[in-house]
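Enquirer: Once you've had a glance at the structure underneath, I'll fire off some questions.
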Amino acid sequence: MPVDPDRKRKIRLVSALSVAVLLAVALIYTSFSAATDARQPSELLAGTPGTTAQMNGRVVKGSIHEQGDGIAFEVVDRDGGSQALPVTYTGTVPDPFRGGREIVLTGEVQDGTFVGEPGTLTTKCPSKFTTQNDA
Amino acid sequence: MPSLGSALLALAFFSTFAAASFALLGRNGDRRRIDLSRRLVYAVCGLLTACVVIIELAFLGDDFGFRIVQQHSSIETPTFYKMAAMWSSQEGSLLLWAWVLSIAASAALYSTRNRLRELVPWATAVMMGVAAFFTGLMLFAPDVSPFATLSPAPADGVGLTPLLRHPSMMIHPPMLYSGYVAFTVPFAFAVGALITRRLDSEWIRATRRFALIAWAFLGVGLLLGARWSYTELGWGGYWAWDPVENAALMPWLLGTAFLHSIMVQEKRGMLKVWNACLIVGTFSMALLGTFLVRSGVLQSIHAFGDNTVGPYVLGLIAVVLLGSTALIVSRLDDLRSPKRIDSLVSREAVFLVNNLLLVGLTAVIFWGTFFPLISELFTGTKASLAAPWFDRYTTPLAILLVLFTGIGPLLAWRRVSWASARRVFRVPLAVAAVTLVGLLLFSDAGGKPWALALFVFAAFALSGLAQEFWNGAVARRRLSGGSLPGAMAALVGRNRRRYGGYIVHAGIAVLLIGIAASSSFQTNRDLKLAPGESTVVDGREVTYERPTVRVTDEYLQFGALLSVAEDGGEPVLLRPSRRYFRPTGSGTGLISAYFDGEATSEVGLRAGAGSDLWTAVQPGLGEVQKRVRKADEGFEACLRGAPGTPPQCDVLSGLMRAAAANPALQAPALEQITKLQSLAAERIAGSYLDDDTPATFKVIVDPLVTWMWIGGLIALSGALIALWPSRGRRRGALVRTESDAQKEAKYREIRDAELDHASGKLSDEDFALIDAELRREAVEILDRV
């Protein structure tokens, strides 16, 4: 039986759209479940330990030292703040990492110390468009 | 000089308004006004060129009265980086944007100076509107004037940050910017076409070249950025799904979709709404890229501190999106095409699928990139998505894209009978099957289904493309004789767009093979080794032979000599190291400043066709730092003239006391101290050689990663072939009128169909039908003339 071409087009359009909608729902669903929360050091100090989070903070100048196989240092909130969160991290350190820099690190709080997962430390590239106080 | 620059910039700003005004005043065919507006665009280009020259001269001449020079260069900065330092600043990048735009606008208006009378005035107005926006920003937004001055002029500048000292710094940013900016041209002509309701493919023919140039530039920019990350950043990767990377990838993907779908409009008059939406999307993404780089709304490893121009760019994006959407909606009736896609087995149907995949890919990346903002909106916390989330969605889409990269070139336009399709698919399918069996039997690719699928599809695509070249060359030789390579060259030369495009496809397939192999089969190990120790990584014995130290005027470098032996073979020597840049300026304070400074990894890399061996080192500086602390304490005691310090200290402390009493002595005293500290730092650095402390190494064995760069170069060469002007154009036989252009396009289509027939892609029956259709359409065009 010949199918009316307009009808055929409509069926195609509807099925393509439903596939797209299904994919979009999957995308939205997984993104909310796969995302790691971004936290400031002060929030981590106050929050419940043992949940994985992405910590955004600023490394305290002069606090970096070697400890065991890795390094230990302290971070504070990006816009300053007095509460310092101790951090331990094993693994290679990105080039721009040093005191005073903003970092992003995934890990969890154990006994008051933020333990970073190896390979998740990123330092904000200070390269372009640095402000005057940064330079 | 700075005031001259500001004046020229202001003049350029007013010229953009004048050009736009005269263009719009002449929109009803007033030739004189339109000519005047075009010349004003040339003038904008000339003025901005002068501005760039002034800035470059200031950099080369160390004129620290310019704030931009003082903050991004210094006397010691190598000349090469002085020339590139302009675009490492925000104001310099804006100037670069505006300058490249003025060049692109001039080229576009020059190439259309005798045609598209109705459309050009509007396109001029749009391009000049964007140019006015960027020149206006430099003039009126706070802190972004490239001609800001410092008074009195400092003696030296801050210098370019060491991380940016990579040869690709010279071309990577201009490439990306040129890519972003050149998309303005097709966008502007699309807006002109919509406003004047000239919605056939004339705007596409006029700007196709610009879209392709933009696409190629953006691609090169992306590739260079990846290369820089791989060789300079010390983490061994080339892509991190960082917002700024995504911001450049998204317009590139949409631009790829656009370049394909405009062919459907050119040849079949379909997909007009789609193309208009795509170019609006591409241009908005290009602006969004500029915005993301400037605004800091998203957490990125690229920190772009200044927040001064972000809101303005966001405003421009809003205007572009709202205005274009309103325009497209109001022209929907004119955009509707009476034609339908004839068959699902045709090139246009494959292009449609490829477009959906590319747009889907862009949508995924867009969602992931902006997820922190989305999640903050819904849940109140900024949550971000990591690379695995991106990989999960982009991998299958990319794999399907490779498949269609192979299928598209095998099908002819309009329709292909199943019999013809079977004939052209036979060889590529066989090659794909052999590849599948071969990989399953002789490699461990079976454990990685995604990578396996990609290899098989890429084999399909590459063999299909090879078959295209082969059949085309054989058909060509049948027609005109000669040798097979000669026929191949003539074939490509006479059909640059088609075969250039095929070469791009081959390049992308090779590039994706490199990405799939290096991401799925990479060995990545962090090791801690003391000098003399060795360990085995992926069948290779890695030995830390000895530490190395290098002292230069710029930096202290701690490194390692590694030897890597692959089962019994000659060992390869690699020298990864880490550079600590010396503090700049006088009176640096502490010796430890020499070790806390900006550090960069120098990668020890051995590239090979089979696999890359990539190493980086994190020197164990614990002992060195202890000595530094002690030295700092000693030095301080010495300066104070504390009891128990060696007799030489008396001289120093005496100098300090004299300096405290007499300000004129302060500078030489500081200089002496800096010199002594520098000597002490060098001495301590040298002691690292005897330390025997273990260092941390990152060793990566990256299979086939070299093919990623090679694939990129292949794709670029294909784009250049497609861009190369045809012989007629080179001789100056410019297409004069729109109907000439239509006629030429239709003739090209007829030639394409003949080639498809001769090379066996179209069966005799298919060809007879299509040829008759094309000739009828050609006659219609001729009738109209």
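The values are calculated or read from the model by the stated rules, or taken from the named source; none is laboratory data. Bear in mind the structure is a predicted one, so any value in this text is a computation, not a measurement. Reconstructed Cβ throughout: ideal geometry from the backbone, glycine too, with neighbour counts over all protein chains shown.
Enquirer: May I ask you to verify whether B:A23 is at pLDDT below 95, more than 22 Å from B:F147 (Cβ to Cβ) and touching a Ser or Thr at 6+ places or on another chain (Cβ under 7 Å)?
Expert: Yes; evaluated as a whole, the condition is true for this residue.
Enquirer: Moving to a separate point now. From the list B:S375, B:S337, pick out the single residue that is assigned by TED's automatic domain parsing to the domain that holds B:G237 and hydroxyl-bearing (S, T, Y).
Expert: Residue meeting the stated conditions: B:S337.
Enquirer: Shifting gears a bit: In the list A:A16, A:A53, A:A20, which residue meets the criterion of being in contact with a Ser or Thr (Cβ under 7 Å, 6 or more places away or on another chain) and either within 13 Å of A:I103 (Cβ to Cβ) or within 12 Å of chain B (Cβ to nearest Cβ) (or both)?
Expert: A:A53
Enquirer: For the range A:54-93, what are the residues that are closer than 29 Å to B:R525 by Cβ, crowded, with 21+ Cβ neighbours inside 10 Å and in contact with a helix residue (DSSP H, G or I) (Cβ under 8 Å, 6 or more places away or on another chain)?
Expert: A:M55, A:G57, A:V75
Enquirer: What are the residues in the range B:606-635 that are surrounded by fewer than 18 Cβ atoms within 10 Å (Cβ to Cβ) and under 25 Å from the mean Cα position of the chain (by Cα), if any?
Expert: Those that are surrounded by fewer than 18 Cβ atoms within 10 Å (Cβ to Cβ) and under 25 Å from the mean Cα position of the chain (by Cα): B:R606, B:A607, B:G608, B:A609.
Enquirer: Let me ask something else about it. Mind checking whether some residue in the range A:72-82 is facing another protein chain (nearest Cβ under 8 Å), in a loop (DSSP other than H, G, I, E, B) and at negative phi?
Expert: No; the residues of the range A:72-82 include none that is facing another protein chain (nearest Cβ under 8 Å), in a loop (DSSP other than H, G, I, E, B) and at negative phi.
Enquirer: What's the number of the condition B:R67 fails, among (1) buried (at least 24 other Cβ atoms within 10 Å of the Cβ); (2) among the charged types (D, E, K, R); (3) over 22 Å from B:F283 (Cα atoms)?
Expert: Of everything listed in (1) buried (at least 24 other Cβ atoms within 10 Å of the Cβ); (2) among the charged types (D, E, K, R); (3) over 22 Å from B:F283 (Cα atoms), B:R67 misses just condition (1).
Enquirer: Could you check, for the range B:416-429, whether at least one of its residues is among the basic types (K, R) and modelled with pLDDT of 90 or more? If you could, list the steps in order and put the result at the bottom.
Expert: Just the residues of the range B:416-429 that are among the basic types (K, R), to begin with: B:422-423, B:426.
Add one more test, that the residue is modelled with pLDDT of 90 or more, and what stays is B:426.
The answer is yes; a qualifying residue exists.
Enquirer: If I filter the range B:344-399 down to residues being buried (at least 16 other Cβ atoms within 10 Å of the Cβ), within 11 Å of another protein chain (Cβ to nearest Cβ) and not in a helix (DSSP H, G or I), which single residue comes out as modelled with the lowest pLDDT?
Expert: Only one residue tops the list, namely B:K382.
Enquirer: If you take the residues in the range B:543-581 that are at pLDDT 90 or above and outside any strand (DSSP E or B), which one is farthest from the chain's Cα centre (by Cα)?
Expert: Among them, the one singled out is B:R575.
Enquirer: In the range A:83-109, how many residues are at the interface with another protein chain (Cβ under 8 Å from one of its Cβ atoms) and outside any loop (DSSP other than H, G, I, E, B)?
Expert: Of the residues in the range A:83-109, 3 are at the interface with another protein chain (Cβ under 8 Å from one of its Cβ atoms) and outside any loop (DSSP other than H, G, I, E, B).
Enquirer: Among the residues of the range B:190-220 satisfying the criterion of being part of a loop (DSSP other than H, G, I, E, B) and in contact with an Asp or Glu (Cβ under 7 Å, 6 or more places away or on another chain), which is surrounded by the fewest Cβ atoms within 10 Å (Cβ to Cβ)? Steps first, please.
Expert: Kept after step one, since they are part of a loop (DSSP other than H, G, I, E, B), are these residues of the range B:190-220: B:197-201.
Next cut, in contact with an Asp or Glu (Cβ under 7 Å, 6 or more places away or on another chain) only: B:197-199, B:201.
On the way: B:R197: 12, B:R198: 19, B:L199: 21, B:S201: 24.
It comes out as B:R197.
Enquirer: If you don't mind, there's one more thing I want to ask. Only one of (1) in contact with a strand residue (DSSP E or B) (Cβ under 8 Å, 6 or more places away or on another chain); (2) more than 14 Å from every other protein chain (Cβ to nearest Cβ); (3) of a type outside the set (K, R) fails for B:G634. Which number is that?
Expert: In the conditions (1) in contact with a strand residue (DSSP E or B) (Cβ under 8 Å, 6 or more places away or on another chain); (2) more than 14 Å from every other protein chain (Cβ to nearest Cβ); (3) of a type outside the set (K, R), B:G634 misses (1) alone.
Enquirer: Now a separate question. Please find, within the range B:134-161, the residue that is farthest from the chain's Cα centre (by Cα) out of those that are in a helix (DSSP H, G or I) and not aliphatic (A, V, I, L, M).
Expert: Of everything passing the filter in the range B:134-161, B:F140 is farthest from the chain's Cα centre (by Cα).
Enquirer: Sticking with this structure for a sec: When you check B:F469 against the structure, is it surrounded by fewer than 20 Cβ atoms within 10 Å (Cβ to Cβ) and either of a type in the set (D, E) or in contact (Cβ under 8 Å) with a residue 12 or more places away in the chain (or both), yes or no?
Expert: In short, yes.
Enquirer: Another one. Being within 14 Å of chain A (Cβ to nearest Cβ) and among the aromatic types (F, W, Y) is the requirement here; does B:F425 meet it?
Expert: No.
Enquirer: Further, regarding this structure: What number goes with the only condition from (1) free of Cβ contacts under 8 Å to residues at least 60 places away in the same chain; (2) not in a helix (DSSP H, G or I) that B:W99 does not pass?
Expert: For B:W99, the exception is condition (2).
Enquirer: Does B:F187 meet the test of being farther than 30 Å from B:E232 by Cα and surrounded by 19 or more Cβ atoms within 10 Å (Cβ to Cβ)? If you could, list the steps in order and put the result at the bottom.
Expert: Working: farther than 30 Å from B:E232 by Cα: yes; surrounded by 19 or more Cβ atoms within 10 Å (Cβ to Cβ): yes.
Here the answer is yes, as B:F187 does meet what is asked.
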